[in-house]
Amino acid sequence: MKCLMMKRIIKGNEPASFIKFKQDNAKAGITIRYDNGLGNAERKPIKEALLTEQGFICAYTLKRIDEDSCHIEHLKPEELCRKLMEEGIETVSDLDYSNMVACFPKDAPKGTPKQKYFGAIKKDASWANDGKDYILPLQANCEDHFQYFISGEVKGVTTKGKNTVSLLALDHSTLINERKDAIEAFIGKTNPIRKGKTIQAIAEIDKRSNGKYVEFCIPLKHALVQHLAFLEKLENKLKYAKKK
């Protein structure tokens, strides 16, 4: 089964307040930058809109996020956007809402080198071949490039998928363990869920409930498919044993 590394994000409308903020500055002849031109008042509605369209899960890791546990991430690094704009090369602006997603964590972890972390912190300003070497959560076919396992592990099944796993360190031990814990908590270890409930969960686990997705919904869905295959294999063995 194909499985999303990332839950595909369908971009919604840009916050009206952000549009007005940019228009007002443009009319006044003021050139603003994302890093020093936007205060909390401007960023808050952006973050709220991103969280809503993402179902309150991280665009890269699928961890549960809220306003206090995430930051606004630029898919194409904001510094690169500004550099190319200044050089007159056609590109996206560092104020382009379509280039923004919400990601865990809110701030980089103190005392931990970025290369030893995961997700947006690990990615930092990395960007090769204008992003064409990676799989991004806005892409319609992102599910074709990855495979999750019931152990919590993940792998890229294409070159771009492998590049993305490496770029974001999505095979980081912390994420593997968190996914494994979520899978075991949902399926159960000593008394796992049965076939009927498994089938129902597969159909519903990646759907929103009250506007939110389940944390690690896609790894959970893939694990449920594996669990169902195990149950059906066991069921067939029992049927065969009864015939003998």
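Between Asn25 and Ser98, the FRET efficiency estimated from the beta carbon spacing at R0 = 25 angstrom works out to 0.85. For the chain, the longest principal axis of the C-alpha atoms and the axis of helix 159-168 are separated by about 70°.
On the chain, 51 percent of the accessible area sits on carbon and sulfur atoms, based on a 1.4 Å probe. R0 = 45 Å: FRET efficiency of Ala185 with Glu86, Cβ-based, nearest 0.05? That gives a FRET efficiency of 0.35. Pairs from the list Lys162/Lys207; Lys160/Lys233; Lys160/Lys197; Lys76/Lys106; Lys20/Lys132 with a Cα-Cα gap above 30 Å: Lys160/Lys233; Lys160/Lys197; Lys20/Lys132. Secondary-structure-derived ellipticity at 222 nm for the chain, considering helices only, amounts to -13500 deg cm²/dmol, per-run term -39500 (n - 2.57) for DSSP H runs with n ≥ 4. Relative contact order of the chain: 23 percent, from C-alpha pairs under 8 Å at least 6 residues apart in sequence.
Does anyone have the angle between helix 173-187 and the longest principal axis of the chain? Alpha-carbon axes, 0 to 90°, nearest 10? Taking the Cα atoms of the chain, the angle to 173-187 is about 50 degrees. In the set [x] 8, 30, 32, 22, 8, 0; [y] 7, 21, 17, 14, 13, 11, 7, 4, 2, 2, 1, 1, 0; [z] 7, 28, 32, 19, 9, 4, 1, 0, 0, which value of P(r) over Cα pairs in 10 Å bins from 0, in percent was calculated from the structure you see? Recomputing P(r) over Cα pairs in 10 Å bins from 0, in percent here gives the entry labelled [z]. Estimated at 0.36 nm per residue, the fully extended path between Tyr240 and Asn177 surpasses their Cα-Cα distance by 19.0 nm.
Peptides 196-205, 90-99 ranked from most to least packed, by the mean per-residue count of other Cβ atoms within 10 Å: 90-99, 196-205. Couplings 3J(HN,Hα) for region 188-198, derived from phi with the Karplus relation 6.51 cos²θ - 1.76 cosθ + 1.60 (θ = phi - 60°), are x, 9, 7, 9, x, 5, 8, 4, x, 5, 5 Hz, where x marks Gly and Pro.
The values are calculated or read from the model by the stated rules, or taken from the named source; none is laboratory data. Predicted model only: the values in this text are computed from it and were never measured. Virtual Cβ from ideal backbone geometry, glycine too; neighbours counted across all protein chains shown. Areas reflect the complete protein model, heavy atoms only, side chains present, ligands, DNA and RNA absent. Shrake-Rupley method; radii C 1.70, N 1.55, O 1.52, S 1.80 Å.
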